[in-house]
1. Please give the peptides A:282-291, A:211-220 ranked by average Cβ packing (other Cβ atoms within 10 Å per residue), highest first, as a rough proxy for protection.
2. Quickly rank B:37-46, B:444-453, B:311-320, A:249-258 as a protection proxy: mean count of other C-beta atoms within 10 Å, highest first.
3. Fewest first, what order do B:393, B:128 take by the number of other Cβ atoms within 10 Å?
4. Please provide three numbers in whole Å: the alpha-carbon extents of region A:60-107 along the principal axes, with the largest listed first.
5. Shielding of B:230-238 by partners, i.e. mean partner chain Cβ atoms within 10 Å per residue?
6. Of the listed peptides A:144-157, B:169-182, B:107-120, B:349-362, what is their order by residue-averaged count of other C-beta atoms within 10 Å, with the highest listed first?
7. Ratio to report: Rg/Rh of region A:225-314, with Cα atoms as the point set and Rh obtained by the Kirkwood method; give two decimals.
8. Could you calculate, for chain A, the ratio of the Cα radius of gyration to the Kirkwood radius, expressed as Rg to Rh?
């Protein structure tokens, strides 16, 4: 009988805070500038320079910690993490070791069985980012760009509370959603402003002791995290099934090959020689200051979803989807201000519009379709000036050409003919021509009606309101 | 008329006001001293005559409390675009792209920077012998060391090669050379002077301070360099008094504490006699002298060599050949470059301290060394807190011996480390402490006494020292060169 295994996953997220200036100096944090154009003696670690904590970064950190339901440390202290690498100009990183600025928080996710699952946050701490090494192809040297060096980072570490790659994915999605609500980071994994490492182990079901842990790095997207973890689960299970032994190691996910490969084992792990950063004086956080920051917390996804259900009569699922991204939620709410049928707006948003957004891998605000434009389209359907099918086509074209749906309808003369007189005129002409079908119908062959409807629609170039065509035809045929 | 170079800054200021001295004349005299005697003393690693002349010839710059006064910087204080090396090969040719805060403050008050002073490599030493430029000589006996690590600054003031100098003090590096060279040296309270631009040795202990010909100059110079700096989180936001106002000639009722743990075996008899005589003089002038106890004194040196080297091992990690200054050639790869650069760039004492500090911070040793040392540090601080309930200042010897011979202790690091036995506690406790001349040995070597006070109470130190100077002439004596 084969053993069943349980997967245990913990995640570490590194988040670049969207402050204007770096963590310990006044340099700009703008992305994509010319290499080494946003540096100063402090972030270059020049001899004699000293760090000074960026208050905005600290406030962002506290805000995030509060939103993740964490406790805030009373005494804020920084430490040095010592290691040599050319992208780290001082050869130590200012970080927080034994006293992270916050700890003991949680994030709730919807688990596979539909129930809410709580993922505990072990700690959230502040640190500085390193620069970036550039290895020119075919050259025997490397270059360093220190623009990123000294950017403020938050490290968000969970307890090993996730039991499947899907839960890890759901946690990341939820975390990102909260972070976007807070507007503390742009959370862009491609730009590296959000990075994720995972710790994963497996153990026989029912076993209390954790299995041998593997640290997984180099995942460049949430899907990559999920795929990497799925691969690891399979690999670890097969090692154990072959009576092999797992070793504690760091492995890198190779997205192209779809495999993980060992980077270093525990024995090769560095001794970081942490000690308190003597250049930054520990300080006590004023409780009032924390309360002031708490007051700036926005309505978070769960609260918003609850309100959407209550205010707009949405289902739990719909409210969850619409509040999963702050921009989507804001968009939806903007629509509800202009349009009374919130459910219809929700359906359109979650259907064709989200499909278009996802296909393009963009944000809803980048779609070029303002809430007012969408509402205009919905109103045209309601008034019967276009059909639902037509509306889908108009919407597709509006997105494709980045133009207003009403303009498209006008320009292409797509507005439906809903004028009774005009339809009666067309019907009269068709009935005069199609005497055979008229007779068939009157003789009891009811299917002939469909043919006649088709002929009316053809004559109206598809613009006649089909419901009215049906009604008028039947009436004219003497029913 | 007296030679301008031999006068204190406050005297030169008076003469300039009366029109009896001109900045250019002062500078010319100082540079003729440098040219004449520095080949022998070797206090300077850089004498920047042209730049100094430009400052003196620019009337818009010659305004402020130190207008026209030559000042020498220790070589670990960054001066923009001027070679700053910490007397280490690893920083050969390094030109900082910015000025230290003290440099800015000095220039705002019209001071004329004349160059860079020799020092122990990265301030690691008590004799100036670990400098990559070779040792500075003691002006009172050129076969002897000037003390360290600010040996160049102290020797230059003593030899009248500058009017004022700045040093830095991590465990006695201002006070011990001041004592050995017969000049005044003050380590201010930790946080009183910005460390921005001081190339760090041990961040929680380092402090920049004045080395001067007398107490009044120390007060004048401290008034200029002290103050909160937003670039240094460890600087303290307290108002800066005009310290020259604290120079009263009165010690009536001043409570002086004399710690019994400082007058022990190993203390030179002549120094003991000199310091005790000084205390008696102050008593005769109305001070009240108390015997006090600082029971954790014996642990100070051990504690210091853990805290200081731990911080140093991390502070010096940045010298890796990647960005600036020295990089060893012919490296196979990155790791090889690190190893070769640091092996060739650092001297023996720097390597010794980096290894010590790295060891103290390593997993498995951290609790036993670094953490324990921090606890002892707290005990030492508490000793002083208690003592200052009974007294206003504490007087001790500055150094257990007068200047020793060049080479005498180079192969005996432990005995070298004990040179700072009396000065280290003030750094561990963050207290202000000043050394002033209080006598000479029979062989003519200067003896210094150390005056300590409560944190941010430099004024009490100035009061005691200034009074002492009014009744003695030790600080006016000059070495024969």
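1. A:211-220, A:282-291
2. Packing proxy ranking, top to bottom: B:444-453, B:311-320, B:37-46, A:249-258.
3. B:393, B:128
4. Result, largest extent first: 36, 20, 16 Å.
5. 4
6. B:169-182, B:107-120, A:144-157, B:349-362
7. 1.23
8. Dividing the radius of gyration by the Kirkwood radius yields 1.13.
Read-outs: derived from the displayed coordinates by stated rules, not from any lab. Just so it is clear, the model here is predicted, and its values are computed rather than measured. Every residue, glycine among them, receives a Cβ derived from its backbone with ideal geometry; neighbour counts consider all protein chains shown.
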